[in-house]
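Here, each number is a calculation from the coordinates, and none is a lab measurement. This is a predicted model, so every value here is computed, not measured. We place every Cβ from the backbone using ideal geometry, glycine too, and count neighbours over all the protein chains shown.
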Amino acid sequence: MNTSTPQPEQHILYEQRLKQPADFKVVYRFYGEEEGGRKSIPFQGYRSDFWYPHEEHAASNIFMIWPEFEDKKGNVILEKDKSVPATGIARMWILIPEGRGYHRDKIKIGLKGYFMEGSRKVAECEVIEILGLQTNPIVSK
């Protein structure tokens, strides 16, 4: 009989899954419920959409760009059963490679954006580092 305690499921790094680096990093802050944000802070693996001001699209057009949250030491958080920090650093992943070409000349250090749930802004963020945005593929593998 196995009496060991089951281990919580671990997050699999997007870098392992996608075999490329993240596109960019942001510093983020989740809005509190009183600001129109979430009732609770999400866990690693949270798949919000992303929006930033840009001239070609209306405010309602959002992108499949997912965050992957880091701990205070800059390591990706692997625990999927604990809330991520309410503020911190996230690596950002453009999920549709064909869209990466569109973002390459728009996403720059200092750009302000938002984590979105539908049309609702749940966190604000600012790009602090460009990683693989310029070199990751723009066609599906």
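Some observations on this one:
- nm² value of the averaged projected area, convex hull over the Cα atoms of segment 14-83: 6.2
- Projected onto its three principal axes, the C-alpha set of the chain covers 61, 41, 26 Å, listed from the longest axis down.
- Take 113-124, 39-50 and order them by the average number of nearby Cβ atoms within 10 Å per residue, most first; the result is 113-124, 39-50.
- In a fully extended conformation the segment linking GLU55 and ARG17 would gain 10.4 nm over its present Cα-Cα distance, using 0.36 nm per residue.
- Ellipticity estimate at 222 nm from DSSP helix runs (n ≥ 4, -39,500 (n - 2.57)) divided over the chain, nearest 500: -2000 deg cm²/dmol
- With semi-axes defined as the square roots of five times the eigenvalues of the C-alpha gyration tensor, the equivalent ellipsoid of segment 82-126 measures 21, 13, 12 Å, largest first.
- Packing-based exposure ordering (other Cβ within 10 Å, fewest first) of ASP105, ASP23: ASP105, ASP23
- Checking the Cα-Cα distances for LYS39/LYS112; LYS39/LYS121; LYS25/LYS112; LYS72/LYS106; LYS25/LYS106; LYS73/LYS112 against a 19 Å cut-off, the pairs over it are LYS39/LYS112; LYS72/LYS106; LYS73/LYS112.
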